[in-house]
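A quick write-up on the structure given underneath.
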Amino acid sequence: MARQDARVLKGFRDYLPEDMILRQRLTDIFRSIFEKHGFEPIDTPTLEYLDVLTGKAGENEKLMYHFEDHGGRRVGLRYDLTVPLARFVAMHENDVVLPFKRYHIAPVWRAEKPQRGRFREFIQCDADIVGSSSMLADAEGISVLADAIHAVGLPQAVISINHRKLLAALARLAGVPAEHAGGVFRAVDKLDKIGADGVRRELVDAGVDAGSADRVLALVTQQGDSASLLASADHQLADVDGGPEAVRELRALTRHLDELGVAPETWKIDLALARGIDYYTGPVCEARVESPRVGSIAGTGRYDGLIGNFLGRQIPATGISLGFERILEVVREYNLIEVPSAVADAFMVYLPDTIAQASRIVRKLRNEGLRVDQSIIDNKGLGAQLKYADRRRIPFAIIPGAGELDRGTVSLKNLQSGEQVEVSIAGLADELRALTRGVAPVG
RNA sequence: GUGCCUAUAGCUCAAUCGGUUAGAGCGCUUGUCUGUGGAACAAGAGGUUACGGGUUCAAGUCCCGUUAGGCACCCCA
């Protein structure tokens with residue numbers, strides 16, 4: 001018989017139990033941080049009308065999975081969680097309380113070329129605040145970001161903060177015409193990657209004259225601590241449209257960060273930070289790690305125009321996106337999160353004479369909240385069953401020997417050390433709880 | 001989507017200039033060993049050399065295409 005090919009699509013992956021245990025642990029950490037900040041969960045369909053996803057512009061359509069469904073509708077798999085949020089708020093305006101704080105942990109799809117930390121199906125972890133113009137909202141997002149970095153223990157993660165309007169004002173000051181502002185953002189954002197000369201070349205290629213390009217570069221590469229950068233921007237932009245407002249907002253934001261207890265050494269103002277997404281309108285922020293080279297691991301930004309596309313009137317919004325897959329790459333590289341070796345706490349061995357009593361003990365342990373795998377290997381000896389449990393990396397085996405049961409006990413074997421003790425059946429649950437504490441899952 | 005690199009057993013890798021039946025370690029199965037696993041020893045299974053085509057007396061090795069992975073673009077998490 002011809003065998004069906006077993007294969008998966010490029011950029012799509014299976015997850016083994018050991019993968020999923022770690023992935024679930026990481027989403028548990030993020031969920032708990034989101035909820036600690038008062039964000040509430042929502043979900044939306046994976047499939048949306050294509051025009052909802054692409055909006056009027058339709059420019060990301062190339063990277064989107066889209067097709068015609070059986071009813072002839074043009075549909076697409078969601079490309080991010082932000083556009084669905086905008087549609088969600090517009091449709092449920094009467095059911096949500098503004099400012100609306102929601103988090104959303106769910107897969108999205110992009111038809112990109114896969115690389116390390118880049119997949120075609122991947123999890124996004126977003127938290128957004130809709131309906132607040134206050135810099136408190138932006139500060140809240142950065143606080144989530146800082147907590148997430150801290151909780152995972154990411155080494156040397158740096159949070160850079162800038163403001164889209166500040167960058168636009170600097171470009172205006174340098175003499176760049178407004179229609180080239182987008183090109184300036186894209187070019188400047190690559191500064192640490194391609195260097196000043198590379199950015200200059202890219203600016204000129206985009207149609208910016210050489211003098212303006214040099215002035216832009218000089219302005220965004222000013223050095224100094226956050227306060228002095230803001231002071232000098234304030235001075236330079238005093239008469240530039242949008243400049244004073246941007247500086248005022250960034251000052252408010254950084255003050256709130258301080259009030260929220262976000263450690264000052266975890267973030268810095270970076271006038272060259274732009275971020276690619278074109279719908280950002282206010283403060284933007286990005287976290288990067290140097291190693292492994294997976295690029296940006298999280299970003300935040302204010303996007304006051306997006307939701308209005310669905311509502312017909314403007315609603316301000318700001319949000320954060322944690323780069324789940326890339327953070328996971330860093331976690332694996334540095335072994336940052338210790339996860340239980342198996343889901344089960346203990347493995348109940350099958351012995352032909354004591355199966356009934358063993359099953360009753362298993363039921364009792366499960367009712368007490370312990371995770372117990374009962375052996376289904378009834379044709380092999382004790383040795384083979386211990387080996388099976390150990391290969392599953394279950395930490396303990398319970399051996400319900402007839403002699404022990406007569407004494408009201410079982411043997412409890414630590415499969416790592418080989419140590420074995422006789423434990424009373426009445427005290428077994430407490431004993432197991434004590435022994436497995438510390439590697440229990442979050443929440 | 002574009003360009004470059006890579007693909008040999010479950011894993012990590014070897015195979016001279018294109019030359020006989022593609023090897024090794026680890027892992028796996030079985031036995032020594034039917035209430036006590038991991039060690040040791042012995043035996044064994046496992047390969048259309050990613051897939052498809054071509055050149056050649058002869059292809060894992062050279063050429064073309066496809067698929068998948070990596071890197072750089074693009075874009076982004």
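The values are calculated or read from the model by the stated rules, or taken from the named source; none is laboratory data. All values derive from a computational prediction rather than experimental measurement. Glycine also receives a Cβ, built like all others from the backbone with ideal geometry; neighbour counts cover every protein chain displayed.
I'd like to know if segment A:246-264 contains one or more residues that are within 20 Å of A:THR281 (Cα to Cα), more than 32 Å from the chain's Cα centre (by Cα) and surrounded by fewer than 19 Cβ atoms within 10 Å (Cβ to Cβ). There is no residue in segment A:246-264 that is within 20 Å of A:THR281 (Cα to Cα), more than 32 Å from the chain's Cα centre (by Cα) and surrounded by fewer than 19 Cβ atoms within 10 Å (Cβ to Cβ).
When both residues are 6+ apart or on different chains and their Cβ atoms are under 8 Å apart, which pairs have a first residue that lies in segment A:367-382 and is closer than 12 Å to A:ALA346 by Cβ, and a second that is assigned to a loop (DSSP other than H, G, I, E, B) and more than 16 Å from RNA strand B (Cβ to nearest atom)? Listed by first residue and then by second, the contacts come to A:ARG371/A:VAL343. Of the residues making up segment A:279-304, those that are near RNA strand B (Cβ under 10 Å from one of its atoms) and not in a strand (DSSP E or B) are A:TYR279, A:TYR280, A:PRO292, A:ARG293, A:VAL294, A:GLY295. In segment A:344-391, which residues are of a type in the set (Val, Ile, Thr), at pLDDT 85 or above and within 14 Å of RNA strand B (Cβ to nearest atom)? A:VAL349, A:THR354, A:ILE355, A:ILE361 - these are the residues of segment A:344-391 that are of a type in the set (Val, Ile, Thr), at pLDDT 85 or above and within 14 Å of RNA strand B (Cβ to nearest atom).
Which residues, taken from segment A:330-341, are among the hydrophobic types (A, V, I, L, M, F, W, C) and either at positive phi or more than 12 Å from RNA strand B (Cβ to nearest atom) (or both)? Before you say what the answer is, go through the steps one by one.
Residues of segment A:330-341 that are among the hydrophobic types (A, V, I, L, M, F, W, C), as a first pass: A:330-331, A:336-337, A:339.
Selection gives A:VAL331, A:LEU336, A:ILE337, A:VAL339.
Among the listed residues A:LEU85, A:LEU50, A:LEU98, A:LEU81, which satisfies the condition of being loosely packed, with under 14 Cβ neighbours inside 10 Å, under 26 Å from A:ILE315 (Cβ atoms) and touching a residue at least 24 places away in the same chain (Cβ under 8 Å)?
Working: A:LEU85 fails: loosely packed, with under 14 Cβ neighbours inside 10 Å; A:LEU50 fails: loosely packed, with under 14 Cβ neighbours inside 10 Å; A:LEU81 fails: loosely packed, with under 14 Cβ neighbours inside 10 Å.
Going through A:LEU85, A:LEU50, A:LEU98, A:LEU81 in turn, just one is loosely packed, with under 14 Cβ neighbours inside 10 Å, under 26 Å from A:ILE315 (Cβ atoms) and touching a residue at least 24 places away in the same chain (Cβ under 8 Å): A:LEU98.
None of A:GLY305, A:GLY276 is closer than 30 Å to A:ARG248 by Cβ and either free of Cβ contacts under 8 Å to residues at least 40 places away in the same chain or of a type in the set (D, E, K, R) (or both) except A:GLY305. The requirement of being in a helix (DSSP H, G or I) and among the polar types (S, T, N, Q) is satisfied by A:SER143.
Which strands (runs of 3 or more DSSP E) does segment A:46-139 wholly contain that include 3 or more residues that are more than 30 Å from A:VAL330 (Cα to Cα)?
Working: elements: A:47-49, A:66-68, A:74-77, A:100-109, A:121-130.
Where strands (runs of 3 or more DSSP E) fall fully within segment A:46-139 and carry at least 3 residues being more than 30 Å from A:VAL330 (Cα to Cα), they are A:47-49, A:66-68, A:74-77.
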